[in-house]
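The values are calculated or read from the model by the stated rules, or taken from the named source; none is laboratory data. Here the structure is a predicted model, which means the values were calculated and not measured. Neighbour counts are summed over all protein chains in view; Cβ atoms, including those assigned to glycine, are modelled from backbone coordinates with ideal geometry. When the accessible area is computed, the model is the full protein with side chains, heavy atoms only, and any ligands, DNA or RNA have been set aside. Shrake-Rupley method; radii C 1.70, N 1.55, O 1.52, S 1.80 Å.
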Amino acid sequence: MTSPPIFRFAPSPTGLLHLGHAFSARHAFDAAKTAGGRFLLRIEDIDHTRCRPEYVAQILDDLSWLGLTWEKPVRCQSEHMDDYTRALQKLEALGITYRCLASRSEIKAHVEQRSGLEKAERDPDGALIYPGIYRNRSDQETARMTAADRPACVRINMTKAIELVGKNLTFQEKGSGPQGERGEVICNPQNWGDVVIARKDTPTSYHLSVVVDDALQGVSEVTRGQDVFYATSIHRLLQVLLELPQPDYNHHRLIKDETGAKLSKSAADKSLKAWRSQGYSVEELLEVTDNGSI
Ligand code: GLU
């Protein structure tokens, strides 16, 4: 007998959930139910400066109110840093990473000087492509320069990593990307440049933790919003480098506000908690998300 597929919803407790999260959580939960699969909840709380326990509590309360149930215990990423450190060490041993001391403002100044900000290369999220300031310095040299108060992040040397993998990567998209991408999608990790895989303030990153956890939890269908669709190229690359299994992907549309912008966690008046306190029912709120905007 084949084992049931495993789906997940993986919020970051850096703020209150909004209607986009409600839609995303229900999407994953309903997909699991339809497929006769299992449904997991994972708390992605690696950012200790922005994540708060009260947000976790509110997330659990909001999701129960939405009618979701999930398997226990819930995996909280902050409790599993060793797993990410092991994965990072594996990447370091492959010789495709380097330490980088550059701050955001140094990167910006460097790019500004080299090509000007307007002509600068940008990643799919619109951020500046890292201009390689520390790419060719040895880690020992960087370590010597690292004053105690200037911690380094770890970046992946994208060109080297792609060379090491040595073949074009693809993934199976069961939902759709922002441009209607579906079925077998070709990965373009080079579009991201040398991404950070371990941050200065925490020895991991979203990209590293998400691939490690999806593998450790046996997630077979990664359900999430289209805002991270293009990041799947990085995730596939990391999966191959770390010898992790390849899940299928199911990206869904995003809920927008009245101006057409993606909903943000900082708009407390638009939080699920706020809608609930105004007396809306689950059905009414899900109907709003069916229209694609609020
Ligand atoms: N924690 C991420 C977020 O809230 C999850 C993205 C994913 O599901 O991969 O955007």
Tell me the residue from Ser205, Ser176 that is open to solvent by 10 Å² or more (accessible area, probe 1.4 Å) and among the small types (Gly, Ala, Ser), please.
Ser176
Quick check on Leu286: is it away from the ligand (no atom under 14 Å from the Cβ), open to solvent by less than 70 Å² (accessible area, probe 1.4 Å), among the hydrophobic types (A, V, I, L, M, F, W, C) and touching a strand residue (DSSP E or B) at 6+ places or on another chain (Cβ under 9 Å)?
no
Over segment 65-82, the set of residues part of a loop (DSSP other than H, G, I, E, B) and either within 13 Å of Thr202 (Cα to Cα) or at pLDDT below 95 (or both) is His80
Being among the hydroxyl-bearing types (Ser, Thr, Tyr), part of a loop (DSSP other than H, G, I, E, B) and touching a Lys or Arg at 6+ places or on another chain (Cβ under 9 Å) is the filter here, so list the residues in segment 131-146 that pass it.
Tyr134, Thr146
Test set (1) touching a helix residue (DSSP H, G or I) at 6+ places or on another chain (Cβ under 7 Å); (2) at pLDDT 95 or above; (3) open to solvent by 10 Å² or more (accessible area, probe 1.4 Å) - Leu254 fails condition number
(2)
Scan of segment 147-157 for residues that are without any contact (Cβ under 8 Å) to a residue 60 or more places away in the chain and either open to solvent by 50 Å² or more (accessible area, probe 1.4 Å) or outside any strand (DSSP E or B) (or both), ordered by number:
Ala147, Ala148, Asp149, Arg150, Pro151, Ala152
Taking the condition of being within 11 Å of the ligand (Cβ to nearest atom) and hydrophobic (A, V, I, L, M, F, W, C), how many residues in segment 8-59 meet it?
9
Among (1) within 20 Å of the chain's Cα centre (by Cα); (2) without any contact (Cβ under 8 Å) to a residue 40 or more places away in the chain, the one test that Asp83 misses
(2)
Could you run through segment 20-45 and say how many residues are open to solvent by 20 Å² or more (accessible area, probe 1.4 Å) and touching a helix residue (DSSP H, G or I) at 6+ places or on another chain (Cβ under 8 Å)?
6
Scope segment 103-141; condition modelled with pLDDT under 95, open to solvent by less than 80 Å² (accessible area, probe 1.4 Å) and within 22 Å of the chain's Cα centre (by Cα); matching residues:
Ser103
Restrict the check to segment 192-204 and report whether at least one residue is in contact (Cβ under 8 Å) with a residue 24 or more places away in the chain, β-branched (Val, Ile, Thr) and out of contact with any helix residue (DSSP H, G or I) (no Cβ under 9 Å at 6 or more places or on another chain).
no
Residue that is of a type in the set (A, V, I, L, M, F, W, C), closer than 30 Å to Val154 by Cα and at pLDDT 95 or above, where the choices are Ala31, Ala25, Ala57, Ala87
Ala87
Are there any pairs, at least 6 apart or on different chains, whose C-beta atoms fall under 8 Å, with the first in segment 120-146 and over 17 Å from Ile96 (Cβ atoms) and the second aromatic (Phe, Trp, Tyr) and open to solvent by less than 50 Å² (accessible area, probe 1.4 Å), and if so, which?
Asp123/Trp192; Pro124/Trp192; Ile129/Trp192
